[in-house]
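A quick write-up on the structure given underneath.
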Amino acid sequence: MITLSRYIAGEVVKGSLIAVLILLALLNFFTFADELGDLGRGNYGLASIVQYLLLTSPRNFYELMPSAALVGSLVTLGALANNRELVAMQAAGASRVRIIAAVLAGGMILVLISIGIGEYIAPVAERAAHTLKATALQKQIASRTKYGFWVRDGNVFINIRQIERPESLGDINIFKLDEAQKLYSATHADKAVYDGRQWRLDNIFESRFLNDGILTEQKPYADWSSVLAPNLLNAFVISPENLSAFELARYINYLKENGQQSASVELAFWGRIVNPAVTLVMLLVAAPFVLPVKREVGIGQRIVVGVVIGLGFYLFDRTFGHLGLIYEMHPVFAAFFPTLLALTGALVAIFRIRST
């Protein structure tokens, strides 16, 4: 029986990984076609697009895993059912419960792979992808360090310590170099706000380094014509999708300590927690479609069923999450309810086939 369990688990893992790679290839193809619209803008060339796709693939892999597990298990287990292998296993003494347990054992391997990619690879790669694209499109050199966000535009160096949102910045330092690459001026502003056309600096203190001394000037406000664009800063504004569960937990604590709204971040955190369970639930959803073999069903039909169910669950999960934010539901309930509903449906269907 151990050999049969390993065989079933191996088939589930193999089928699911093949499915996720196919789905990832399709998604990257459509993303590539969409990115071609920005081809040639700034320094965003074909090599940048390919690099962008490679960097966003880990996150897409993580998000596609539940649907891929459903499609892959339907195809592989369906093939075993059509070949009467499942019937032979049951005739040899393997109960349906044991078969389902073997399927879930394979699912645990997929869960471990998904967690490893989603927690340790995807967040870093996703942030790097957004930085790459934003920097290439704006023809600016940007980086983020423990001393804040730095942008270089020609001979102008901009340091931003606080980013509330892309249109509102705080604690800004602007350093300008002359043609001899010597420091010409250093400007500090407490705040910068973008009005759609240009920036406005508040509470400005400027120092100019002249040959005969230093000239200082203080202004309450001033317009700042800079090529620094808010969409470049999108890569550095904290986005829940770009954080691991551990980073989300720390960010939630930070928001609460500073009296800020944390509902969307909490929803993202609990979504991270429940995502591995979704993969196992999708495997349970597949079981009722393959265990009661009454007639052969083609691979194409199983793929269609898997795609429809997987897409339907994904849309329902996202919609319910947004409704949870709108109607101020508890983040745990908003994150777990779609999965619990799918689990209930799968268990009811499995119980019915056991009684037949």
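Taking Cα atoms, how many degrees apart are the long axis of helix 2-35 and the longest axis of the chain, rounded to 10 and kept between 0 and 90? Computed tilt is about 40 degrees.
Starting with the fewest neighbours, write out 254, 327, 44 ranked by other beta-carbon atoms found within 10 Å of each beta-carbon. All intermediate terms of the calculation are to be shown ahead of the outcome.
Numbers: 254 13, 327 8, 44 21.
The order, fewest Cβ neighbours first, is 327, 254, 44.
Nothing charged except the Cβ atoms of Lys and Arg (+1) and of Asp and Glu (-1): what's the magnitude of the dipole of the chain about its Cα centre? Round to the nearest 20 debye. Mind dumping the intermediate values first?
On the way: 31 positive and 28 negative charges, 292 e Å.
Its charge dipole is roughly 1400 debye.
Considering only 211, 253, 28, the Gaussian network model of the chain with Cα springs below 10 Å gives its largest mean-square fluctuation to 211. Convex hull volume of the C-alpha atoms in the chain, normalised per residue: 165 Å³.
In plain terms, if you count all Cα to Cα distances in region 141-227 and split them into 5 Å steps from zero, the share in each step is 3, 13, 24, 26, 19, 10, 3, 1, 0 percent. Each label point is 7 Å from the Cα along the Cα-to-Cβ direction; what then is the distance between the points at residue 330 and residue 205, in nm? The answer from the label model is 4.9 nm. Relative to the dominant Cα principal axis of the chain, helix 245-257 is inclined by about 50°. To test your reading of the geometry: what angle, between 0 and 90 degrees and rounded to tens, separates the Cα axis of helix 122-138 from the longest principal axis of the chain? The two axes meet at around 40 degrees.
Bear in mind these aren't lab numbers, they're just calculated from the coordinates by the rules spelled out. Worth saying up front: this structure is predicted, and the values here are computed from it rather than measured. Note that we place each Cβ from the backbone using ideal geometry, even for glycine, and neighbour counts take in every protein chain shown.
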